[in-house]
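The values are calculated or read from the model by the stated rules, or taken from the named source; none is laboratory data. This one's a predicted model, so the numbers in the text were calculated from it and none came from an experiment. Cβ placement follows ideal geometry from the backbone for every residue including glycine, while neighbour counts extend to all protein chains displayed.
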Amino acid sequence: MVNFMRLITLLREETDFIDLVGRRPTIPLKEYVIEQFAEAPGGTVFYFDLSEVREVNGSGIHEVIIKPMEWLNENYKTHNKFLVIKNLSEDFDHYYNILLTCNEEKIAVIAESNGKHLVIGAKVGDALREVLDIVYERKLVSAREISEALDKKHTLISTHLVKLYEMRLVNRQEDFLLEGGRQFAYSSLF
């Protein structure tokens with residue numbers, strides 16, 4: 001499964017960077033992001049390049065990341081779309097501020113860091129994280145393959161994968177089997 005990656009630039013004017021600080025200045029960004037989500041074709045994986053972002057605080061993160069993730073989570077049945085965060089900056093404490101806000105709001109978001117995945121938010125416990133790690137390691141995998149690798153029941157793994165899909169942390173496609181029936185294949189977002 002190939003995901004179509006689409007940058008959503010957070011820069012609104014001819015500037016080199018933006019600060020995501022406070023609600024009032026970030027509400028228009030949130031509205032712009034959700035408008036982009038609504039208009040894009042299904043299967044689109046959006047990403048924020050945080051190299052465009054310097055200072056952040058909880059209010060800015062809430063408007064620009066949390067509310068768009070909530071929109072994606074609520075609308076996943078009609079809008080099969082996703083959001084990835086790229087280029088977190090240690091200098092500006094992006095990870096720390098996003099983590100605090102995600103934990104408060106019980107939202108998780110996936111980030112790409114040095115070609116690897118990083119889950120931000122405590123909503124993903126150890127069991128889900130174990131399954132998620134296998135999806136990102138293998139790139140495309142079925143519940144049966146994961147259940148065999150972890151020696152766990154197929155129904156349990158299927159439930160975990162559905163939860164990760166609904167949280168917009170993995171993508172899935174439906175495959176029809178030659179012998180009849182169907183199976184879902186789950187894939188990483190990058």
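Filtering segment 135-161 to residues that are of a type outside the set (Asp, Glu) and under 23 Å from Leu88 (Cα atoms) leaves Val135, Tyr136, Lys139.
For segment 178-185, the condition of being closer than 28 Å to Cys102 by Cβ and not in a loop (DSSP other than H, G, I, E, B) holds for at least one residue.
When Leu11 is tested against (1) under 26 Å from Val141 (Cα atoms); (2) modelled with pLDDT under 95; (3) touching a helix residue (DSSP H, G or I) at 6+ places or on another chain (Cβ under 7 Å), only condition (1) is not met.
Residue count for segment 113-136 under the criterion of being modelled with pLDDT under 95, touching a strand residue (DSSP E or B) at 6+ places or on another chain (Cβ under 7 Å) and more than 19 Å from Tyr96 (Cα to Cα): the result is 0. Any residue that is within 22 Å of Asn171 (Cα to Cα), at pLDDT below 95, in contact with a Lys or Arg (Cβ under 7 Å, 6 or more places away or on another chain) and outside the structural domain of Glu166 (by TED's automatic domain parsing) - is there at least one of those in segment 61-71? Within segment 61-71, not a single residue is within 22 Å of Asn171 (Cα to Cα), at pLDDT below 95, in contact with a Lys or Arg (Cβ under 7 Å, 6 or more places away or on another chain) and outside the structural domain of Glu166 (by TED's automatic domain parsing).
In segment 76-126, how many residues are part of a strand (DSSP E or B), of a type in the set (D, E, K, R) and crowded, with 18+ Cβ neighbours inside 10 Å? Count: 1. Looking across segment 120-165, the residues that are in contact (Cβ under 8 Å) with a residue 40 or more places away in the chain and more than 12 Å from Tyr186 (Cα to Cα) come down to Lys123, Val124.
Restricting attention to segment 135-157, report how many residues are surrounded by 13 or more Cβ atoms within 10 Å (Cβ to Cβ), within 19 Å of the chain's Cα centre (by Cα) and in a helix (DSSP H, G or I).
Number of matching residues: 3.
Of Glu31, Glu13, Glu35, Glu70, all but one fail to be free of Cβ contacts under 8 Å to residues at least 12 places away in the same chain, closer than 30 Å to Ala185 by Cα and out of contact with any Gly (no Cβ under 6 Å at 6 or more places or on another chain); the exception is Glu35.
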